[in-house]
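The block underneath contains the structure these notes are about, expressed in structure tokens.
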Amino acid sequence: MKFFSTRDREHFVSFEDAVFNGLAPDGGLYFPADFPDMSDFFNSMTGETSFVEIATGIVDQLVGAELGEGEARRIAEEAFPFEPKLVKFEEGQYILELFHGPSCAFKDFGASFLATVMSAYLKKRGKKATILTATSGDTGSAVAQAFHNKENIEVVILYPSGRVSPLQEKQLTTLGGNIKALEIKGSFDDCQRMVKEAFLDGELKQAMTLTSANSINLGRLVPQSMYYAYGLSRIQDIAGKDGEVHFCVPSGNFGNLTAGIFAWKWGLKADGFLAATNANDVVPEYLKSGDYNPRASVHTISNAMDVGNPSNFERLETIFHHNIDAMRATVKGEMVTDDETKVLMKEAYQRDGSFIDPHTAVGLIAARRYRDSLENKAAANVVTLSTAHPGKFLEVVEEAVGVQPPLPAQLEALKDKAKVSVVIENTLEALKGFLLK
Ligand SMILES: *Cc1c(COP(=O)(O)O)cnc(C)c1O
């Protein structure tokens, strides 16, 4: 399988190049040259098929030839010591919990797979690389956890001093080993600027292999398609193979949704997809009006989805050949307000004491409206992706529900660990000083 840029269908690259380049040189996003038919494999799944088994099957059919004999299974086993879990929310509504990994959010699946694949390629080539990344708090932790102890890789994370929550800071600064946390005297924008400047710096380019682990990396997208297959295998185990299955995806940059549509293109049974957004509803607006108007994001209580110009829209358009009617036939959109989000979190708690994180809550409200609108409602099951553990968003959940949700064990364990960081000025010189020493 080869990959091309969404902006250039003439030049193909290997999976290895797509993974290490991150972004294509022309600024486009890497995209699979074709979609192999995996329906026999998907049809063979049962309620007992493990996540590692599903991951192995997909990776093998996609890039098995490039990775080499037995590598797909080895990588799947190393990357996924955690699994998703499907639970019932109410009649016809299910939640696919994706927060059982080390940072308690779905991004663990993509980051862990990318880290494992990168490390495997580097070892094969006898090379070392440094991952350089800036974070405003949340996104860095999945990357830090995923790359921790991976051979041939160092990770340098820049974060703005005093501007991330204490728990987020612990997630970035307590791993040690090959994970280095740089506390920048400045803002998140300073951190991002320094990373950008470092990638352009000739002296650094000479001295080391710098690479990134952005969420647009194809190596993070591919593994996100695996849990749709897992979700389908579990819902069919519960409800049989005849009913309709729809997926509802709380969306920001639309990586998760794009990955689900990849799985559908490979032959996974899915009767529809719903993109659920907060007030940052550029894509639902587009599906309604046909006009695509990216804009500055607005702040909401589901802040990991506060994206006004979703980077994966380009991939979505490529999948549907820039044909809005084709997209509309498969993807619907729903916008959900903060007030609605809070009401749902409260309702779920009052009903049975369960806590829902704000991003998942956006999905569940949208999923209810969506299922109500289906012709074949009684036979339809909607699976909403639960993107984060409620304990990750303590303040927001507590404010909506009136009770503090429990911290997940992974975060509870951090409380006693000591922070280790290096404080530096917000200049490229300071960053170079650290990297080159
Ligand atoms: C990243 C994130 C999202 C949005 O996912 P996209 O793939 O960017 O659409 C939703 N919820 C949580 C908790 C996230 O961290």
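Quick note: the coordinates plus some simple rules give every number you see, no bench work behind them. Keep in mind that this is a model prediction, so the values were computed, not measured. Note that we place each Cβ from the backbone using ideal geometry, even for glycine, and neighbour counts take in every protein chain shown.
One table, with the values for the structure above:
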{"read-out": "Charge dipole of segment 323-369 about the Cα centre (unit charges at C-beta), most positive-ward option of Q350, M327, T360", "value": "M327"}
{"read-out": "Alpha-carbon spread of segment 28-154, three principal axes, descending order, Å", "value": "50, 37, 31"}
{"read-out": "Segment 1-44 and segment 331-373: distance between their alpha carbon centers, rounded to Å", "value": "34"}
{"read-out": "Selected from A296, T277, L257, residue furthest toward positive end of dipole (segment 214-364; charges at beta carbon)", "value": "L257"}
{"read-out": "Difference of contour (0.36 nm per residue) and Cα-Cα distance, D26 to D201", "value": "61.1 nm"}
{"read-out": "Radius 11 Å from Cβ of K288, net charge of other residues (Lys, Arg +1; Asp, Glu -1)", "value": "-2"}
{"read-out": "Cα centre as origin, Lys/Arg/Asp/Glu Cβ charges: segment 86-208 dipole, Debye", "value": "600"}
{"read-out": "Inter-site label distance for N149 and R369 at 7 Å from Cα along Cβ, in nm", "value": "4.5"}
{"read-out": "Dipole of segment 4-78 [Lys/Arg +1, Asp/Glu -1 at C-beta], most positive-end residue of P25, I58, M45", "value": "P25"}
{"read-out": "Distance between segment 89-130 and segment 152-218 - C-alpha centres, whole angstrom", "value": "19"}
{"read-out": "Order of H321, H359 under a 10 Å beta carbon neighbour criterion, fewest first", "value": "H321, H359"}
{"read-out": "Within segment 374-424, GluC sites (Glu not before Pro) in DSSP loop having at most 13 other beta-carbon neighbours inside 10 Å", "value": "E375"}
{"read-out": "Chain lengthening between K85 and A296 when straightened (0.36 nm per residue, less Cα-Cα)", "value": "72.5 nm"}
{"read-out": "When segment 151-216 is reduced to its Cα atoms, the Kirkwood hydrodynamic radius in Å", "value": "13.1"}
{"read-out": "Lys, Arg +1 and Asp, Glu -1 on Cβ, resulting dipole of segment 168-301 about Cα centre, debye, nearest 20", "value": "260"}
{"read-out": "Computed over segment 173-286, Cα set: Rg, Dmax in Å", "value": "20.0, 60"}
{"read-out": "Under the span-like rule (Cα at least 18 Å along the axis, Kyte-Doolittle mean at least -1.0), DSSP H helices of the chain", "value": "51-67, 107-125, 188-200, 226-239, 358-373"}
{"read-out": "Lysines whose Cα lies under 18 Å from that of K127, excluding same-chain neighbours fewer than 8 positions away", "value": "K150, K205"}
{"read-out": "Exposure proxy ranking, count of Cβ atoms within 10 Å, fewest first, for V423, V117", "value": "V423, V117"}
{"read-out": "Cβ-based exposure ranking for T318, T360, in which fewest neighbours within 10 Å come first", "value": "T318, T360"}
{"read-out": "Coarse-grained scattering of segment 323-437 at q = 0.21 Å⁻¹, given as base-10 log I(q)/I(0) from a Debye sum over alpha-carbon atoms", "value": "-1.12"}
{"read-out": "Only Lys, Arg (+1) and Asp, Glu (-1) charged, at Cβ; the chain dipole about Cα centre in debye", "value": "820"}
{"read-out": "Cα point-scatterer Debye curve for segment 138-188, base-10 log of I(q)/I(0) at q = 0.13, 0.17, 0.24 Å⁻¹", "value": "-0.27, -0.45, -0.85"}
{"read-out": "Euclidean distance of C-alpha centroids, segment 405-437 and segment 262-278, integer Å", "value": "37"}
{"read-out": "The chain: relative contact order as a whole-number percent, Cα under 8 Å and 6+ apart", "value": "19"}
{"read-out": "Cross-link table K124/K180; K85/K180; K88/K241; K85/K417, entries beyond 22 Å C-alpha to C-alpha", "value": "K124/K180; K85/K180; K85/K417"}
{"read-out": "Top of T387, T133, T427 by mean-square fluctuation, Gaussian network on the chain, Cα under 10 Å", "value": "T427"}
{"read-out": "Principal axis dimensions, the chain - Cα atoms, whole angstrom, descending", "value": "64, 51, 44"}
